[in-house]
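> Have a look at the structure that comes next, please.
Read-outs throughout are calculated quantities, based only on the coordinates presented, and are distinct from any laboratory measurement. What you are looking at is a predicted structure, and each value in this text was computed from that prediction instead of being measured. Every residue, glycine as well, gets a Cβ built from its backbone with ideal geometry; the counts of neighbours run over all protein chains shown.
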Amino acid sequence: MTVERALADRRLVVVLGPGGVGKTTASALLALRLARRRRTLVFTADPARRLADALGVPLARTPVRVRENLHACMLDPKASLDALVSTYARPRERDAIFASPLYAHLSDAFAGSEDFVAMGDLYEHVESGDFETIVVDTPPSRHAVDFLDVPSRLLRVFETGAVRWVLRPGGFLAGGAASLLATATSGEYARDLAGFFAAFGRMFEELEARARRMQTLLGDPASTATILVAAPEAAAVRSAAALATRLAERGAPPAAVIVNRVLPPIDLPGPSVPAGFGDLAPRVERAARLYEALRAEEAPHAAAALALAPAGARVAARAGGLRTLARLEEAAREL
Amino acid sequence: MDVSAARLFCQGPGSRRVGELRIVLGKGGAGRTTVAAALCLSAARKGRAATLVTLSPLAPGTGVAGDETLDPIPFRTLAIDPRAELDAAVARVTGLRLLPRLLSLHPAYAALADVAPAVKEVASLDRIVALSRQTDLVVVDAPATGHGRNLLLAPRKAADLVAGRLRERALAVESALREPPCRATVVATPEEMPVREARELLELLDANGFHAERPVLNRCLPAVTQDEEEGDRLAALANAAGPAEAWAKAARWIDRAHREGEVAAADLPSPRRVPWIPSPAGRLARVADAMEAP
């Protein structure tokens, strides 16, 4: 089965996987592949220079055209957040937000705030209707599935009443459990935090509405497909397996698994290196044996990673040396 | 500093022992856990008491850093949950023993504790610094990439943001992290992105007054050819059908990966090289050997 068949005509394709397995490259390959039939946007995290060079356009927060049917944009959390505040906060709130020292550290304030901000931009691209398919390369997070949970995590904050509660005059400091946090960290800190939330209040309403929409979209298997990227090594496969389990628990197992960085299959004939290598023979022998050992080590991990995919949606790829758009396209055809 | 400030976290200043503290940083998949465990193994070989600290629970039944042959493990392992550390610190200052469990059940507290910047990290680091004063070596397997960076910068951020007791603790933790017994080790594989992140981390450590060890370049492959002539010979054999073809192709893959890796790693200042060790059995011992090499 081809990747297109596995993805059918989903509007969102979310690429998930542990850190360091090549999610960004896999996303670019997928997008190139899908762009043959559909207007596609690839929404990447910070790409390697080599990949950015291969795409051949300077990536920015707003989509730029790579070629026919394919646009690309890059996650820029700071710029996106500034834009969000500028758009939705009232002028006085806006000044208060920008002036708050908490705002400068907001990237730490929200667990996985890059995901959160990415969700805001993603929402706009979905709303714009400019693209038939959006491939989302997820930013690094402690738990890779966090990205899909951003809307519900946000909604949880709204629904627990924490926000309304700090917005109530004197609520944060007068309140029960949260005032313990205030005792432990000093009153000023709690007041700063409360003031900051108050300034964010109007934005929260807007974000709440967005979060609900995105939750619906991400939770709907007819609209959203997930692609799991793994590398053939023990730790990456363990993380990928945990991820697959969580996706299945959500009722939406991955549509396909891409095992990246798989060594090309080269089998060594004969017990030892044949004639013809001259003085290179001992070095070739050592290197070829090392290659064999690396393949032997990765084989069970690659198989275990592929087994995480529904039958027929298994893809093994090696994305090394992709320096040009032509090479990227060639690799995309192999998916 | 008032008494309650010392009571807020588990350890005040003035403990007896000043053990070594090592924080292992790097991009996901670079081998932080392996390098951190190898540092502990290396210390254990010298008869020193070492503890490997992770900030997320180790997956059950996985052995230490993919080496199931290490039995018994000659060092302690400890998983710290940053949120639990914060809850415990809050409970200590309020003096209520049952509080941590009650707190985590209170949705409003949970929501606010989740979004409060830097305090969870400071509570965790405070525990780690205290631990390092009770043993010879504590090695922290820090979270990947940005999360590792945020961990190191948390005390400064907390000190900038808050006043009162937490600020004092944050400053104490920060100065402990800047003392020479605390050093950071940055791990990368010889590839563009891991090396780029390693360089950024080294610059950040330097700019913030932390001590850094030589970076570790993990999973290095050996060179096969030494000059262009040898490279051409190998390429010719790899492109001609015959019994030599597969051998030459495999060796050439290693040779090219080595060369690409060297180009990618060129920007990393005097890295300590750890070879790519194919078999998980005994891997940790061999990584420890490479880390001990002069």
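> Could you compute how fast the stretch A:220-267 diffuses translationally, taking Rh as the Kirkwood radius over C-alpha pairs and applying Stokes-Einstein at 25 °C with viscosity 0.890 mPa s? Give it in µm² per second.
Rounded, D is 208 µm²/s.
> Which whole-Hz ³J(HN,Hα) couplings does the stretch B:277-291 yield from phi under the Karplus relation 6.51 cos²θ - 1.76 cosθ + 1.60, θ = phi - 60°, glycine and proline marked x?
Coupling constants for the stretch B:277-291: 9, x, 8, x, 5, x, 4, 4, 5, 6, 5, 4, 4, 5, 6 Hz.
> Classify the stretch B:143-202 from the C-alpha gyration tensor, please: rounded if a/c falls under 1.5, else prolate or oblate depending on whether a/b exceeds b/c.
Cα axes put the stretch B:143-202 in the prolate bin.
> Show me the ranking of peptides A:15-26, B:167-178 by mean Cβ neighbours inside 10 Å, starting with the highest.
A:15-26, B:167-178
> I've got another one for you. Work out how far the C-alpha atoms of the stretch B:168-238 reach from end to end along every principal axis, then list the three figures in whole Å, largest first.
So the extents along the principal axes, rounded to whole Å, are 67, 21, 16.
> Further question: I want to make sure I understand the PRE zone here: with the label point 7 angstrom from the Cα of B:Gln226 toward its beta carbon, which residues in the stretch A:248-286 have backbone N atoms less than 13 Å away?
So the set is A:279-283.
> Continuing with this model, one more query. Under the 0.36 nm per residue contour assumption, what length would be gained going from the current alpha-carbon distance of A:Arg213 and A:Glu68 to full extension?
49.3 nm
> Can you list residues from other chains, or at least 5 along the same chain, whose modelled amide H is less than 5 Å from the amide H of A:Ile258?
So A:Ile258 has HN proximity to A:Leu228, A:Val229, A:Ala230.
> Rounded if a/c is under 1.5, else prolate if a/b beats b/c, else oblate: with a ≥ b ≥ c from the C-alpha gyration tensor eigenvalues square-rooted, which is the stretch B:144-294?
Because a/c hits 1.5 or more and a/b exceeds b/c, the stretch B:144-294 counts as prolate.
> Still on this structure, please answer the following. If I take the Cα coordinates of the stretch A:249-314 and project them onto the principal axes, what are the three extents in Å, biggest first?
Extents along the principal axes, in whole Å: 59, 16, 15.
> Under 27 Å Cα to Cα from A:Lys78, which lysines show up? Leave out anything in the same chain fewer than 8 places away.
A:Lys23, B:Lys27, B:Lys120, B:Lys157
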